[in-house]
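Colleague: Dumping the structure here so I can ask a few things about it.
Only the coordinates and a few stated rules stand behind these numbers; no lab work does. Only a predicted model underlies this, so the values are computations on that prediction, with no experimental measurement involved. Glycine also receives a Cβ, built like all others from the backbone with ideal geometry; neighbour counts cover every protein chain displayed.
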Amino acid sequence: MTENTETTESRFETGTVLYDPASDRVGEYRGKAGPYALLRPLGGGREWEARPESLRPADPGERLSAGVRAANSRSTQGPPASGVGPAAPVRDCAACADLAALRDEARARHDGSAETDADVLLRRHQLRYHAALLGLRD
Ligand SMILES: [Zn+2]
């Protein structure tokens, strides 16, 4: 057996815009994650893992619609779904400050899902460590 396994590196360069048929998404190639190729949405956001063998460079139409989608998701940012509003960090708590900074940073780059994740972590942390102080209940 002298079969050559073609590696992802040899096929795509970092930054190449690829189409992933499995998820019907277009993303920028970021490198390898184990057996998978790591792709990042064009408008920013969470990376996802794709099967390298199914990927191909996106054609101009796909790139365009992905770009439009990214622009739309940026402009349709509303207040958080939970009616209570974003959790506020507790003074002098490093963990609160870290999580709030993470959330602000995500908001600054219009990454709604990362922003929500950070907010959920902040709430969870506050429920555990500051429940009495903030009048939170289990
Ligand atoms: Zn805290």
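Colleague: Once the piece of chain linking Ala88 and Leu134 is laid out straight, how much longer is it, given 0.36 nm per residue of separation minus the C-alpha distance between them?
Modeller: Working it through step by step, the gained length comes to 15.6 nm.
Colleague: Peptides 39-47, 15-23, 128-136: what's the order by average Cβ count within 10 Å, highest mean first?
Modeller: Numbers: 39-47: 17.2, 15-23: 15.6, 128-136: 11.8.
Packing proxy ranking, top to bottom: 39-47, 15-23, 128-136.
Colleague: I would also like to ask the following. Mind checking the full-extension length gain between Thr116 and Thr16? Use 0.36 nm per residue of separation minus the Cα-Cα distance, one decimal, nm.
Modeller: Values: separation 100, 0.36 × 100 = 36.00 nm, distance 2.85 nm.
Computed gain between Thr116 and Thr16 is 33.1 nm.
Colleague: Here is a further query. So what J values fall out for segment 29-34 if you push phi through Karplus, 6.51 cos²θ - 1.76 cosθ + 1.60 with θ = phi - 60°, rounded to Hz, Gly and Pro as x?
Modeller: In residue order, the calculated couplings are 6, 10, x, 9, 10, x Hz.
Colleague: How far apart, in nanometres, would the label points at Arg40 and Ser23 be if each is projected 7 angstrom from Cα along the Cα-to-Cβ direction?
Modeller: For Arg40 paired with Ser23, the spin-label model returns 1.4 nm.
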